[in-house]
Amino acid sequence: MNQTRIVRPDTQSRATHIIPLVLICVTTCIIASCTSSSTSFTNPKATGTAATFARNCAICHGADGAGKVINRVAVPSLREGRAATADDAKLNHQITNGGNGMPAFDSQLSRAEIEGLVKYIREELQRN
Ligand code: HEC
């Protein structure tokens, strides 16, 4: 009998099971990162008011406008509270001139873009 030809089925089958598992994990990660970057809130190539919001406002107010705390500064929600009770002119004024921790956007955005953002806050953020 030739003893050197003995294979070890245990070790081999374990290896052939691990490789497909690793491949599945890697593929899942790639797919997950693709789908999350193609949502309208985070896609930097998107155009329109949603994209203007995503680029300029979401970093502080959150992608859905729910607000958050950054470096101990409480950024208010745009969905409820003061933003919901204040009139359009007040929101427009805050976006244009900033204040209390928020930068002014009058030099970065056009009047039309700021008006579009007020509309976006009313029609998208406060309605959902
Ligand atoms: C650097 C962080 C930051 C960015 C960027 C920012 N904001 Fe703000 N925003 C704030 C803070 C802080 C306040 C609260 C100001 C206050 O208390 O008077 C605020 C207040 C507001 C308010 C008034 C809400 C309220 O409760 O009185 C509106 C409307 C608003 N932001 C809209 C926007 C929009 C639209 C953008 C994007 C163009 C934007 N913000 C970008 C930090 C930010």
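Derivation of every value follows stated rules applied to the coordinates shown; laboratory data play no part. Please read all numbers here as calculations on a predicted model, not as lab measurements. Ideal geometry is used to build each Cβ from the backbone, glycine not excepted, and the neighbour counts take in all protein chains shown.
Worth pointing out:
- Within region 52-74, the set of residues being within 8 Å of the ligand (Cβ to nearest atom), within 16 Å of the chain's Cα centre (by Cα) and exposed (fewer than 15 other Cβ atoms within 10 Å of the Cβ) comprises Ile59, Ile70.
Conditions tested, residue by residue: (1) of a type in the set (Gly, Ala, Ser); (2) on the phi < 0 side of the Ramachandran plot.
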position: Ala50; (1), (2): yes, yes
position: Arg72; (1), (2): no, no
position: His93; (1), (2): no, yes
position: Gly98; (1), (2): yes, no
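- Residue list for region 75-120, restricted to those being exposed (fewer than 12 other Cβ atoms within 10 Å of the Cβ) and either in a loop (DSSP other than H, G, I, E, B) or touching a strand residue (DSSP E or B) at 6+ places or on another chain (Cβ under 8 Å) (or both): Gly81, Asp87, Asn100, Ser107, Ser110
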